[in-house]
1. Can you give me the number of residues within the range 181-201 that are closer than 17 Å to GLY129 by Cα, assigned to a helix (DSSP H, G or I) and free of Cβ contacts under 8 Å to residues at least 60 places away in the same chain?
2. Across the range 256-277, what is the total count of residues that are more than 22 Å from ASN236 (Cβ to Cβ), touching a Ser or Thr at 6+ places or on another chain (Cβ under 9 Å) and not aliphatic (A, V, I, L, M)?
3. If you take the residues of the range 127-145 that are within 17 Å of PHE186 (Cβ to Cβ) and within 9 Å of the chain's Cα centre (by Cα), which of them is farthest from the ligand (Cβ to nearest atom)?
4. Touching a helix residue (DSSP H, G or I) at 6+ places or on another chain (Cβ under 8 Å), within 11 Å of the ligand (Cβ to nearest atom) and not in a strand (DSSP E or B): is that true of ASN212 in this structure?
5. Being in a strand (DSSP E or B), of a type in the set (A, V, I, L, M), within 13 Å of the ligand (Cβ to nearest atom) and under 13 Å from the mean Cα position of the chain (by Cα) is the requirement here; does LEU258 meet it?
6. Name the residue that is nearest to the ligand (Cβ to nearest atom), counting only residues in the range 222-252 that are among the polar types (S, T, N, Q) and assigned to a helix (DSSP H, G or I).
7. Being part of a helix (DSSP H, G or I) and of a type in the set (Asp, Glu) is the filter here; which residues of the range 50-85 pass it?
8. Can you find a residue that is within 20 Å of ILE233 (Cβ to Cβ) and in a loop (DSSP other than H, G, I, E, B) anywhere in the range 104-123?
Amino acid sequence: MEEKEQKNAESSFAPLEITDGDFWRLVKFIQQHYGIDLSKKRQLISGRLSYTIKAKGYASFGPFIDHLLEKQDPNDVELVLNKLTTNYTFFMREQEHFNFFQNTILPEIVKRHQGARTLSIWSAGCASGEEPYTISMYIKDFLGPEAGRWDTRVLATDISQQALAKAKQGKYNLPDTIPPAWKSKFFVPAGAEGQYQVAPVIRDNVIFRTFNLMDPIRFRLKFDVIFCRNVMIYFNQQTKDELVARFCEATEPGGYLLIGHSETMGRNPGYRYLAPATFQKR
Ligand SMILES: C[S@@+](CC[C@H](N)C(=O)[O-])C[C@H]1O[C@@H](n2cnc3c(N)ncnc32)[C@H](O)[C@@H]1O
């Protein structure tokens, strides 16, 4: 079924009732494994999942949730998460961050790593890739002809396989916010009308991996900058606090954490506030 037909079928489908027991079993499972707090999303759950559950051959929520919790099949989990959360993102999102990145963070970390010529940057919750590709374009632009002498690879992670597949493909309809000079330098036309693909110089600079932010962080390098923007909105305060503590542990002293401008971070003694949604490890 075409995506549009599918959406129409879903929206005209009468939602199934979800019992208190089934609702809380689902909420607890998603919270424990993925950090996402759905406790106030009862209507969203029955509205967005009923059609899918029926289409999979289940008459009600109960047996579907039994199956989900027992098998924990990543495809089913992803289906549920995709229906209940958003992978919405775009190039140059929250431009203030990129101005700060260009004018303050990059000059500082490039100076700091003149010797090893390695930058270590993580886009945590990268969705379909626009964020790590934007970061990569800023780095290449900043370093100019020197870029080839540096290891500037950006780690980009998400739990959504669907989003990561789109990210790896790197094909987009480009918004006007991308400067024309960057359009011609960092993208190549990709066949379909108006579509572009991220050029190899940027695509090869981003490493996409599946990573659940509820898991311990065990990457080889400590990070100079972590972008985790518009991800923690789904998490409750305790989950957020624990994640921020893990981020702090995984960051170089003097490194940075950037969160979404509509998000709050809570208190973490490891970071000091620098600018809206921008923090530096002490
Ligand atoms: C709204 S997008 C944000 C994309 C980008 N950071 C931005 O600001 O435009 C949120 C992303 O967080 C991801 N996400 C949610 N919970 C996650 C978890 N527990 N582990 C990893 N990624 C998660 C979702 O799959 C989604 O792609």
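The values are calculated or read from the model by the stated rules, or taken from the named source; none is laboratory data. Here the structure is a predicted model, which means the values were calculated and not measured. Don't worry about glycine lacking a Cβ; one is built from the backbone with ideal geometry, like all the others, and counts go over all protein chains shown.
1. Count: 4.
2. 1
3. GLY129
4. Criteria met by ASN212.
5. In short, yes.
6. Applying the filter and picking the extreme gives THR239.
7. If the condition is that a residue be part of a helix (DSSP H, G or I) and of a type in the set (Asp, Glu), then ASP66, GLU70, ASP76, GLU78 are the ones that fit.
8. no
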